[in-house]
Amino acid sequence: MIVALSLLGYALVLAVAGPRLLRAASWADRAPRLAIAAWQALTVTILASVALAGLALTFPTVSVSGDLAELLRACVMAIREQYASPGGAAAGATGAVLSLAVLGRTVWCIGAGLAGMTRERARHSRILDIVGHTDGHRGVVVLDSDEPAVYCLPGRRRRTVVTTGALQALDEAQLDAVLAHEHAHLSERHDLVLGLSRALASAFPAVALFRLAAEETARLVELRADDAAAARSGRLTVAGALLAVASGGIAHLSPAVALAAGGSGAAARVRRLIPPNNPLGRARTAAGLFAVAALFALPVLLLGGPAAAAAGHNLCPDANASASSPAP
């Protein structure tokens, strides 16, 4: 029971304090990749903590043993002892329902989200086959439209789409910059990152944390792609390209499953690119990675620590007593 309450308390603390710390952190815009990992770790750890709390209620702590037979016997005896009382049986049933509900809802929404994205991508890909034409030199699909727009379509048939309006509005350096932006989305699989955060927001709409994590992740993946493009073409070139493609109304051109260079928040992204580059630094990045790893590790330690500490406890007194008594 103590382990379960500790895990639930840990999840509650993360749900309340985590978003405030991440949104107030000045380093997030300076290290968007690390910030993305932090948001993903925060949401996944909260779900894992709740699911493990249910598991701790369902199955009691048993001693860690190198002998598999002894470990299985201890498990059986400890479970039998817990479920012998009405309180233990009620706690076990509550824990089982909690774990299955959290895991089942999460898996269902992630699967439904991935299936929906796959169908939408396939539909839009068929449209591109009909109305677009391939530019083999640049490796893009060109659409005839006066509005400047550039977006990528992730998935099995990865495509980067450029309108004729964008080709007219961008010079060669700016076009290379936005293509590098889209290539970063595709190579780093930002579609899966966004898919996970949106699926969790859909699975638990009453939890504001997951909705906020989806919003922040959508913003941070654009910052990360901007940085990747700036490393190749320069920050001012990327800023100019964003201004050019953000001027067009791309909402009806790019589908919801696509990632567009001139998406929402383009003005703030341009302002971020104009000042001198101020990266986070290796020491602070390493500290952030350690904090992300600690988020994942603590629930496992909370669950496994009591099991390791109980290694010397006698959980099967009846069996041991019968084994030590002489045979008649």
(message) Please give the Cα centre distance for region 160-196 versus region 89-154, rounded to the nearest Å.
(response) 18 Å
(request) Could you list which residues have their amide H under 5 Å from that of LEU153, counting only those 5 or more apart in sequence or on another chain, with H placed in the peptide plane? (result) ARG159, THR160, VAL161
(request) Would you mind getting the accessible area per residue of region 140-260, heavy atoms of the protein chains only, 1.4 Å probe, in Å²? (result) 40 Å²
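The values are calculated or read from the model by the stated rules, or taken from the named source; none is laboratory data. Quick caveat, the model's predicted, so the values are computed rather than measured. Accessible surface areas use protein heavy atoms only, side chains included; no ligands, DNA or RNA. Shrake-Rupley method; radii C 1.70, N 1.55, O 1.52, S 1.80 Å.
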